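The values are calculated or read from the model by the stated rules, or taken from the named source; none is laboratory data. What you see is a predicted model, and the numbers here were worked out from it, not measured in a lab. No Cβ is skipped: glycine too gets one built from the backbone with ideal geometry, and neighbour counts run over all protein chains shown. Just the protein is used for accessible areas: all its heavy atoms, side chains included, with ligands, DNA and RNA removed. Shrake-Rupley method; radii C 1.70, N 1.55, O 1.52, S 1.80 Å.
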Amino acid sequence: MKVDANNFVSVAQIAVNDPDLQEAVSLGTYNGYSKRLVAMFSNGHEHGEAMRQQAAAMRRRAIQKLPDLLELAEKNMTANGIKVLWAETAEDVRNMVLDIAKKRNAKLVAKSKSMISEEVALNHAFEENGIEVVETDLGEYIIQLNKETPSHIVMPVMHRTKREIRDLFMRELNMPFTDDAAEMTAFIRKHLRQVFVNADIGISGGNFIIAESGSLCLVTNEGNGRMVTAMPKVHIGIVGIEKVIETIEDYATLTQILPRSATGQQMTVYMQMINGPRREDEPDGPDEVYVILVDNGRSKVYATKYAEALTCIRCGACLNACPVYQVTGGHAYGWVYSGPIGAVITPALTGLENATPLPQASSLCGKCKQVCPVDIDIPRMLLDLRHELVEKGMTDKIFDVGLKAWSIGNRSPKLFIMGGAVARFGTRFLPNRLPGPLGGWTKYRDFPQFAPKPFRELWKERKKGKPS
Amino acid sequence: MTSARDRILGKLRAAQKPFDELPPAPPKRYMSRPEDLSAEGLRARFVQEVKKLSCIPIEHADAESAIEYILGVIGEDSSVITWDFEQIPLTGLETALNDRGIQRGQPRDDKVRVGITGAVAAFASTGSLMMTSGAGKPRIASLLPPVHIAVIHGNQILPDFDTWIEQKRAEGIGSFNRPANNFLITGSSRTSDIAMESVLGVHGPGEVHVVILV
Amino acid sequence: MYLPERPSPKGKRVSLFVTCIVDMVYPAVGMSVVDILEHLGVEIDFPENQTCCGQPGYNSGYRNDAREVALHFLRVFADADVIVVPSGSCAAMIRHEYLTLFADDPVWLPHAQRAASITWEFTEFIVQGLGITDLKLRLPQPQTFAIHDACHGLRILGLGEEARTLLANVENAALEDLKDADACCGFGGLFSVKMADVSGAMLQKKIDCINHCPAATIITGDTSCMTQMNGGLSRQKSVKRVRHIADVLAEGLKK
């Protein structure tokens, strides 16, 4: 998928003025945020926090040992009958999948939701090669039908209202009029049934890979994840190399944390541990299972101070909690991963020059870290990225000059006092709207009046009046 | 010539370890673990959780009442998708279906309305059914038909997923990854992709009955 | 969040860091802090060469520029036994970010660590530092308040209960709940001008909550957030205003 993050400011401006988007995203983020709060702390605050720390420690341990765990996972998956492939780039992934599809003479591919397949622009590659690919997650199906991209890691179509989705189904699929989400869902269910039955290949992502058992784990709710891994003859799982975990006990812990953080469920409806193709005595399941381990920049991130971002389990909690995401939605972030974690991952994976506004797209309020099930210090990384922007000369010159003046003015009490006096004088004559960068302030707020006397003078007067 | 695999692993190995120091793993915690671990307590909690998930638990069923209940759900349908009968802990089910002239449908027939399965275990803390693929146990039976009836024995109810994993750990990792697919079912297929409205029965069954035999 | 262990500040002289914004824009808040601390019998010193903690530069990525300002701070407060700051975010800057800023500087790191260990946010100093929860204050008239939890005080320093406890014990003060009290007001320093439309939309949500809140006055512990919220409330001609907690407490002193 093309990176379009440098337009954050202008896309966000459109988003905050789009009433449909505001309605949909407010509803979606509020829903996710409040459900998570209940689910995570159903055994009390202390217990929920302890669970977070347990999950955080486990993910950090796994990332610390990543190369060893990947080798172990490969060995055990192979022993289980899974064909393991390694892809360095997005293009590698597309070529590998197309090779398999051509070998099997595939005409129809059924996909379950996978962010990494968006990352490597897989659907486009299928279409170019005349292979029909159908997204089967309801939200992803809507996205595909509307020819747009997902705006949320967990809720891909969070930015659309029910009215918009209804109109889309009526326009594209001749759905009879209804206002009922259950009727719309039933309509799509019927529509997608034959896709599952007839698909030659099923494609999924992967939430985790358990190294010690060689299992690909999928955590889903609708059932399409089970369909695409059970019905077609071939199943291909596309998984980032960072998704490997050490033990099945770790999986049990993470499955308590992930659904609570993502959707506020105790458990998702279907939690699969896929150990390979159909065994000889089994009545159904695919004959071939592939797992493509995808790097696509991750090994580069591994060597930086943003490696902590690789512990992310893609629950979307930081998106729901983020006051910026709540008013912009996900598309402004310009790539697959949005919200606070996207503001770190996008520059880290695709290059800072392709995403210069993202580290700035935060008030550093800290909610992302607070809700993160694995306690990723996103504000710390945003600050590091901002520092990198300055070091690499990727900032606006007006701020370079302004902050330099600020720094010089605040190293010297004399200059500081002088600056205060100028501001005190100046703010008396300020118009209601200011030009330049300060115009951003006065567009929504009045400017504060500087006090007639600074504190330091009041302090002196008080000391004079009340000698100690 | 180095492979992609070697290059990726090489880069990871060449990098400094991402974390300076890793604190020792904190003591293990579990969410919502049942307090009453007696058979009665586990069953009560399981039933409570199943209800919360908008599924239908049938308690204290003996073989006769279980069969009667299942026939009631099947109603006038002429076929069902089922596991092999020896995999379902309910004697007499096969005969009862035959007596009614109810056929075993083709596994990929998406016209069949009801699927009948057993389970390898059930978890009280979350109301989950633990399933493993295997001989005579088509995965489709709990997936394709819109109505799923799972028949379990009361003594199959464990406290939680972690307990089941402890059992697998004791038996050896091979007992965990021998089946091609282990999966948990917790509630009915659901989505809230359209305006956050919770809708049951998207692609999997929207109606799940859990018959608990005494 | 890693915050170092700290020595008790009881009985020690307090060096007041009023912050640049209080010094220039809200000096009355600084005087209220002085009133309350003197009411508690605390000896106060105001190092006159103080300027800013360095947060604006640090948060925008200008670490070298921020470091120079932070160095100035460390020099000015080198002799302090206890530093009290009427701002959660400036206190968090000193206690948390200075350790990053000077991590690779063997000369100044010990000074940064010392400053971090003796710096207290205003309400934190009173409740946690001095162990005082009842200031024996009485407002002249009954008033209703609600608290906006400023982000850095809440999520870096873990504050929030302190302000509520102090206010609950003030006679004639009634506390109401502010919806989404822990949601950011949208200020975020230069964020408010670089991403003005996003910041404005965040502010609007906060203003809606404030306007729907039964309390007449919203209280917070950071003057920067106060500037953002009052700037919006004033622009929209709302009758509601946000005040710094020190001002409200000082109003309860018997004059």
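Things to note:
- Mean sequence separation of contacting Cα pairs (under 8 Å, at least six apart), scaled by the length of chain A, corresponds to a relative contact order of 22 percent.
- Normalised size of chain C, defined as Cα radius of gyration per 2.2 N^0.38 Å with N residues, equals 0.98.
- Expressed to the nearest 5 percent, the antiparallel share of DSSP beta bridges inside region A:182-245 is 35 percent.
- For region B:113-202, alpha-carbon Rg over 2.2 N^0.38 Å: 1.19
- Comparing B:Lys51, B:Lys28, B:Lys137 in a Gaussian network model of chain B (Cα springs below 10 Å), the most mobile by mean-square fluctuation is B:Lys28.
- Value of [θ]222 nm, deg cm²/dmol, for chain C, DSSP H segments ≥ 4, -39500 (n - 2.57) each, nearest 500: -12000 deg cm²/dmol
- Size of the A/C contact, given as accessible area buried on both chains, probe 1.4 Å, in Å²: 5900
- For A:Ser215, the amide hydrogen comes within under 5 Å of the amide hydrogens of A:Ile210, counting only partners 5 or more places away or on other chains and with H modelled in the peptide plane.
- Mean Cβ count within 10 Å, highest first, over the residues of peptides A:115-127, C:6-18, B:13-25: A:115-127, C:6-18, B:13-25
- Split the accessible area of the protein assembly as shown by element, probe 1.4 Å, and carbon with sulfur accounts for 53%.
- Average projection, convex hull of the Cα set of chain A: 28.4 square nanometres.
- Area hidden from solvent between A and B (accessible, protein heavy atoms only, 1.4 Å, total, Å²): 7800
- Cysteines in chain A that, by Cβ-Cβ distance, have no pairing candidate under 4.7 Å: A:Cys217, A:Cys312, A:Cys315, A:Cys322, A:Cys372
- DSSP-defined beta bridges in the protein assembly as shown - what % are antiparallel, rounded to 5: 25
- Mean partner shielding of peptide B:135-147, defined as the number of other chain Cβ atoms within 10 Å of each residue Cβ, is 5.
- Taking the alpha carbon gyration tensor of region C:14-129, multiplying each eigenvalue by 5 and rooting it gives semi-axes of 23, 15, 12 Å, largest first.
- 1.4 Å probe accessible area per residue over region A:359-467, in Å²: 49
- Each Cα pair under 8 Å and six or more residues apart adds its separation to the average, and for region C:138-251 the resulting relative contact order is 30 percent.
- Averaging the Cα positions of each part gives two centres, and for region A:130-166 and region A:1-67 these lie 19 Å apart.
- For A:Leu85, the residues whose modelled amide H falls within less than 5 Å of its own, excluding neighbours fewer than 5 places apart on the same chain, are A:Val291, A:Ile292, A:Leu293.
- Taken over the Cα atoms of chain B, the convex hull encloses 211 Å³ per residue.
- Largest accessible area first, the residues B:Asp99, A:Asp4, A:Asp295 order themselves as B:Asp99, A:Asp4, A:Asp295 under a 1.4 Å probe with ligands, DNA and RNA left out.
- Rounded to the nearest 10 Å², the accessible area of A:His159 at probe 1.4 Å: 10
- Taking the charge dipole of the protein assembly as shown about its Cα centre, with +1 at Lys and Arg Cβ atoms and -1 at Asp and Glu Cβ atoms, the residue from B:Ser188, A:Ile153, B:Ile74 reaching farthest to the positive side is A:Ile153.
- With contacts taken as Cα pairs under 8 Å at a separation of at least 6 residues, chain C carries a relative contact order of 20 percent.
- Accessible surface, per residue, of chain C when the full set of protein chains is kept, probe 1.4 Å, Å²: 35
- Rounded to whole Å, sorted largest first: equivalent-ellipsoid semi-axes of the protein assembly as shown, Cα gyration tensor: 56, 29, 26
- Cα gyration tensor shape of region C:138-251, rounded if a/c is under 1.5, else prolate or oblate by comparing a/b with b/c: prolate
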